[in-house]
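For reference, the structure discussed in these notes is given below.
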Amino acid sequence: MAEPIRIRARLHDGITEVQILMPHPMETGMRQDETGRLVPVHHITGVEVTLGTRTVFAARMSFAVSRDPLIAFRFTGARPGQRLRVAWTDSRGEARADEAAIV
Amino acid sequence: MPALTSIRRRRMLQVAGALTAAPWPAAQAARAQDEALAFAAGNFADAISALGGAPQPSTDITLQLPEVADNGAVVPVSVSSRLPGTREILIVVDGNPQPLAVRFSIPDGTEPFVATRIRMAGSGTVYAAVRTDDGLFAVARRAEVSVGGCG
């Protein structure tokens, strides 16, 4: 079970600034482990951030995003207390979603 | 290396110029199918081709990238676009085994800005591309990488 997504969503002057950190190994498939074997590819492929039914941000990614992907973005139209939901899926079909309140 | 990249880029822009006299409907329709191809592309020219052809240079895109990255596994990058109708921000790393690193969707109401951290296999040029209703635009910056970040 993957670790929870860390979400920080701060509303100021109508703009919600969001920073998300998604714990994930983001293996490129090119790294060797201690025994010299190649660690298989394993990375987040898709991210979706929603406010209710509204998608406020999305990403499709390859293994070329650093381990524990950190993404910052900004959007308008939110109210304090609304819940932001972040969901990722990965190359093995695993998934994780977490929510946080906009403060 | 930089000379080869710019020669290749100029040639691609010449070809793209000849082919893109018509508007983009074909490229838009094929975009969904091309996504898998774009991510799988193993070299810069193929990735750009899968994205619909060479982007036009733009001074309305700001790409922040360190000039020197000690650790190629964690290279901070941010992109901001002043182009009207920005729908998508893409990061393409010339020199990575799969150059298309990530593509971000910018829905209405979301600012055309993103910051993240990418892997660079070695020193090379990072392209920030922006897709708008008018097509694909890009700006590029080079980073020197001390220790490669893909393996």
message = Report the Rg/Rh value for region A:1-69, based on alpha-carbon coordinates and the Kirkwood definition of Rh.
response = 1.10
ask   = Which residue fluctuates the most in chain A, going by a Gaussian network model with Cα springs under 10 Å, if the choices are A:22, A:61, A:30?
value = A:30
inquiry  = Need one word for the protein assembly as shown: rounded, prolate or oblate. Basis is the Cα gyration tensor (sqrt eigenvalues a ≥ b ≥ c); a/c below 1.5 gives rounded, then a/b vs b/c decides.
reply    = oblate
For A:67-74, mean number of other protein chain Cβ atoms within 10 Å = 5
task = Could you line up B:110, B:59, B:125 from fewest to most neighbouring Cβ atoms inside 10 Å?
result = B:59, B:125, B:110
remark   = Exposure proxy check on B:88, B:144: fewest-to-most Cβ neighbours within 10 Å is B:144, B:88
inquiry  = Counting only other residues whose beta carbon sits under 10 Å from that of residue B:150, what net charge do I get with K and R as +1, D and E as -1?
reply    = +2
task = Starting with the fewest neighbours, write out A:13, A:90, B:70 ranked by other beta-carbon atoms found within 10 Å of each beta-carbon.
result = A:13, B:70, A:90
message = 5 Å is the cut-off here: which amide hydrogens, built 1.01 Å from N in the peptide plane, fall below it relative to residue A:31, excluding neighbours closer than 5 in sequence?
response = A:39
ask   = Around residue B:123, which amide H atoms from residues at least 5 apart in sequence, or from another chain, sit under 5 Å from its own amide H, with H modelled in the peptide plane?
value = B:145
task = Just add up the charged neighbours of residue B:58: K/R +1, D/E -1, any other residue whose Cβ is under 11 Å from the Cβ of residue B:58.
result = -1
message = Apply the Karplus curve 6.51 cos²θ - 1.76 cosθ + 1.60, θ = phi - 60°, to the phi angles in region A:5-22 and return the couplings in whole Hz, x for Gly and Pro.
response = 6, 8, 10, 10, 10, 10, 9, 8, 6, x, 10, 8, 9, 10, 10, 10, 10, 10
query = Counting partner chain Cβ atoms within 10 Å of every residue's Cβ in A:27-40, what's the average?
reply = 2
request  = Tell me which residues come under 5 Å, amide H to amide H, from residue B:95 once H is placed; ignore anything under 5 positions away on its chain.
outcome  = B:44
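None of the figures in this text is laboratory data; all of them are computed from the coordinates on show. Predicted model, so just to flag it, every value in this text is computed and none were measured. Please note: Cβ atoms are built from the backbone with ideal geometry, for glycine as well, and neighbour counts cover all protein chains shown.
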